[in-house]
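Q: Before I ask anything, let me first share the structure, which is written out below as structure tokens.
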Amino acid sequence: MSLRGFIVRRTIYIIPVMLGITLMNFTLINISPGDPVIVRIGLIQCNTVECYNNAYNKEAIEMGLLSKDLYTVPWFERYVEFVNNLLHFDFGRSWYYEQAGQGMPISQIIGERAVYTITLNILSFIFSLLLATAIGVVSATRQNSFWDRSLTVAMLLGYSMPLFWLAKLLMLMSYYMFKFTGVANKDAFETPLIINGSFYKYLILPTLALTLGGLVFMARLVRSQLLEILRQDYVVTAKAKGLDRRAVIYKHAFRNGLLPIVTIIGNSLPGLLAGSVMVERVFGWPGLGTVFLEGALFRDYPLMMATNTIFPFLFLVARLLTDITYVFIDPRIKY
Amino acid sequence: MATIDKEELPVKEEFLLDEKTLREIETMKGAGQWSIVWRRIKKDKMGMLGFYIVLFLIAMAFVSWLLLSFDNWLTTQGYMYGNPHPGFEGSRNNLYIELWFPGMDIENPIILFQHPRYMDHANAKLPPSFQYPFGTDANGQDMLSRVFFGATVSLALGFIGQMTTVIIGTVLGSIAGFYGGIVDDILQRVIELLYSMPGFILMIFIIVLFEDVNIPGGKYAVVVIFFSLIGWGGTALIVRSNFFSLKEQDFVEAERALGASDMRIIFRHILPNSLAPIIIIVTLGIATTIFTFAALAFFGFGDPTAISWGDDLNRWQDFLIEYPWMPMFPALFIFFTVLGFNLLGDSLRDALDPRLKD
């Protein structure tokens, strides 16, 4: 099979998984106790039962739980409706985020906020990948040296530190050193972002926190992978041939160590995504993570449904990219 | 012409064993599998550090649980009104944790701690001092007492959550690995679905949906149940692959020839042989579980009425810059717990499977 065939097949494979995920989320919402309509209308002021019932029915029809003639809509019809809307990128309207008296369209919220999350994540992912590689190579090539030992202990401490607390500590440290807490405020997000200096200023601390979070995880991995490979026969051969030490490490050892590293990084992406939710919340960074957490705290069902569709989708796309990267890294891989 | 001096050649030893291997052989001498593992851990300094941290925390959680229950019992029995000041006929609220045994003067019991729920508003926001080693929080609760008695819930949640997860994973993984076929296929697809969702996000989603459920144990019972219902995938995959390789082995074949039932083969023969990875998963998993529950509590999805580190952290997180001791001590204990279990787990993994060791 050709490379293109492989990519197409893996892309199509996302569809059933996404269907399964949306079905799972949909079922969870449906079997959860409590009436979403009551959650939605909240403490409505009504003197008569009739007034309350009218408000209830109006809301239920709007939410699609009741049909126009007040019959209950079966769950599979609602699911088909949901998937149909999803295909048109229509997630409905938010209950919590309001604009001009009615809920904002969720696709608009997400479109506005996604750029913040993506900037933060891509930046810190690149930084942590580069730093982790450097640290891993230093540790593995000078095993049991002073640097290796102190780096290993530092990584272990960082690995045991809850990410949200690491972010908080960074905030405290920065406050004592520069009187700057890094909690984002409004003028950091004035458009255009590219020439907005304070945007970059407020980007520093979240990026640093997320970078450290990913770094401690990846550096351990790079080190153990490289150590295993440095013991292989072909590395010994390369050394015996009298090759330059640098060439042995980067041309022989590191290239072969990439594959398992790419696998585990690909699998750990949901963890990184969850980490981004935590860091965003701590620094008040208005990305998708904050939107999701605020929606959850205020029981904004449509918004949660939307984010719960988008996060797995991002993850699946990332995993697809990982799989495609394999093929380029390792020519032995059969697809 | 250069000749090799025969004296210089190592003719004496036929097998050249390096020092490390010799030490390993010394360790193994005359011992069962578990005592070998224990000896290996004892040689690992970091592992022993983790072991002592874990031991200390477990002892702390257990003692605090005993003390609190004993104190509650004394109060409900009417022996103690909880107020140590003699002659003060104040409230019947339990203000202090006392130790009192029959025969002692009932007016002067030994006062160990301020009760974790006692809000002494006159002494709020005090920095760490001799009387309050960890300071007091904005409600006037003693942080030392909050942290000490919070150990029970924090650790118990980690243990229970991880144990249920691993038990579900082991049972499902064993069945899938042993029988294979369609059961295995279905299990794989389910795991794939569960693993496509970032676990932390899925947990929050579920907690929000199910927070109104009334089951004994409060909100944390719901959290633990759903945590184990979505978290078993990793264990199941590892147990399954272990079963795949073990079920083709001769000893299983022999047992089957002797007429053993499937259940006997699974639970008496294959499972004990794949115990090592399960133990590693449990130890390292407890660290992750405690971290996850703390994170959930930190972002406001815990049970605010419970006494646990995560909830205290959530309550005082915004006080960090003004009153750093309030959130610092619960956070420090979460950090130590995770560190201890990580160290112990890493050491256990090296001891149980030396091939993986660097």
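Readers should treat all values here as calculations from the given coordinates under stated rules, not as data from a laboratory. What you are looking at is a predicted structure, and each value in this text was computed from that prediction instead of being measured. Backbone-built Cβ (ideal geometry, glycine too); neighbour counts: all protein chains shown.
Q: Give or take rounding to whole Å, what are the principal axis extents of the alpha carbon atoms in the protein assembly as shown, in descending order?
A: 114, 80, 70
Q: Moving on. If you stretched the chain out fully between B:TRP34 and B:VAL63, how much longer would it get, using 0.36 nm times the residue separation minus the C-alpha to C-alpha distance?
A: Stretched out fully, the B:TRP34 to B:VAL63 stretch lengthens by 7.6 nm.
Q: Something else about it: FRET efficiency for B:ALA221 and B:ASN123, Cβ-Cβ distance as r, R0 = 41 Å, nearest 0.05?
A: Result of the calculation: an efficiency of 0.75.
Q: Summing -39500 (n - 2.57) over the DSSP H runs of n ≥ 4 in chain A and dividing by its residue number, what mean residue ellipticity at 222 nm do you reach, to the nearest 500 deg cm²/dmol? Kindly include the intermediate steps, with their values, before the conclusion.
A: Details: 13 runs with 238 residues, N = 335.
Value at 222 nm, helices only, nearest 500: -24000 deg cm²/dmol.
Q: What does the charge dipole of region B:151-357 about its Cα centre add up to, to the nearest 20 debye, if the Cβ of each Lys and Arg holds +1 and the Cβ of each Asp and Glu holds -1?
A: Numbers: 11 positive and 18 negative charges, 77 e Å.
Rounded to the nearest 20 debye, it is 360 debye.
Q: Residues with beta-carbon under 14 Å from that of A:ASN121, excluding A:ASN121: net charge, scoring Lys, Arg +1 and Asp, Glu -1?
A: Working: positive: A:ARG113; negative: A:GLU280.
Residues close to A:ASN121 contribute a combined charge of 0.
Q: Calculate the mean, over all residues of peptide A:271-282, of how many other protein chain Cβ atoms lie within 10 angstrom of the residue's Cβ.
A: Details: counts 4, 1, 4, 9, 3, 1, 6, 4, 0, 0, 3, 3.
The mean count of partner-chain Cβ atoms within 10 Å per residue comes to 3.
Q: Treating only the Cα positions of chain B as identical point scatterers, give the base-10 log of I(q)/I(0) from the Debye formula at each q in 0.08, 0.09, 0.13 Å⁻¹.
A: Those come out to -0.57, -0.69, -1.12, one per q.
Q: Students often get this wrong: which residues of region A:73-103 have the backbone nitrogen under 11 Å from the point 7 angstrom along Cα-to-C-beta of A:GLU294?
A: The answer is A:96-98, whose backbone nitrogens lie closer than 11 Å to the label point.
Q: What is the order of A:SER32, A:SER128, B:SER228, B:SER154, fewest Cβ neighbours within 10 Å to most? Each step should come with its number before you reach the end.
A: On the way: A:SER32 17, A:SER128 23, B:SER228 20, B:SER154 27.
Fewest-to-most ranking of A:SER32, A:SER128, B:SER228, B:SER154: A:SER32, B:SER228, A:SER128, B:SER154.
Q: Once you list every other residue whose beta carbon is under 13 Å from the beta carbon of A:ALA209, what net charge do they have if Lys and Arg are +1 and Asp and Glu are -1?
A: Values: positive: A:LYS168, A:ARG281; negative: A:GLU280.
That works out to +1.
Q: In the Gaussian network model of chain A, springs joining C-alpha atoms below 10 Å, which of A:ILE110, A:ILE195, A:ILE61 carries the largest mean-square fluctuation?
A: A:ILE195
Q: If you don't mind, there's one more thing I want to ask. B:PHE336 to A:TYR52: FRET efficiency via 1/(1 + (r/R0)^6), r the Cβ-Cβ distance, R0 60 Å, to the nearest 0.05? Write out the running numbers ahead of the final one.
A: Numbers: r = 53 Å, r/R0 = 0.88.
Here the calculated transfer efficiency is 0.70.
Q: Over chain B, with a Gaussian network built from C-alpha contacts below 10 Å, which listed residue (B:GLY32, B:GLY310, B:GLY234) shows the highest mean-square fluctuation?
A: Between B:GLY32, B:GLY310, B:GLY234, it is B:GLY32 that shows the largest mean-square fluctuation.
Q: Compare A:ASP323, A:ASP300, A:ASP187 in a GNM of chain A, Cα atoms joined below 10 Å, and give the one with the largest fluctuation.
A: The residue that fluctuates most here is A:ASP187.
Q: I would also like to ask the following. Compute the FRET efficiency between B:LEU229 and A:TYR176 as 1/(1 + (r/R0)^6), taking r as their Cβ-Cβ distance and R0 = 41 Å, and round to the nearest 0.05. Mind dumping the intermediate values first?
A: On the way: r = 43 Å, r/R0 = 1.06.
Between B:LEU229 and A:TYR176 the formula returns 0.40.
Q: Let me ask another. Which value in deg cm²/dmol, rounded to the nearest 500, describes the helix-derived mean residue ellipticity at 222 nm for chain B, given -39,500 (n - 2.57) per DSSP H run of n ≥ 4 and division by the residue count?
A: Working: 12 runs with 213 residues, N = 358.
So the helix-based figure for chain B works out to -20000 deg cm²/dmol.
Q: Percent of Cα-Cα pairs per 5 Å bin, from 0 to the last occupied bin, for region B:151-357, please list those.
A: Once binned at 5 Å, the Cα pair distances of region B:151-357 give 1, 7, 13, 15, 16, 14, 12, 8, 6, 3, 2, 1, 0, 0, 0.
Q: Quick one: net charge of A:LEU293's neighbours, Cβ under 11 Å, K/R +1, D/E -1?
A: On the way: positive: A:ARG281; negative: A:GLU280, A:GLU294, A:ASP300.
Here the charged neighbours net out to -2.
Q: If each residue of separation counts as 0.36 nm, what is the full-extension length gain between A:LEU123 and A:LEU87 once their alpha-carbon separation is subtracted? Before the final figure, lay out each step's value.
A: Working: separation 36, 0.36 × 36 = 12.96 nm, distance 2.99 nm.
Separation in residues times 0.36 nm, less the Cα-Cα distance, equals 10.0 nm.
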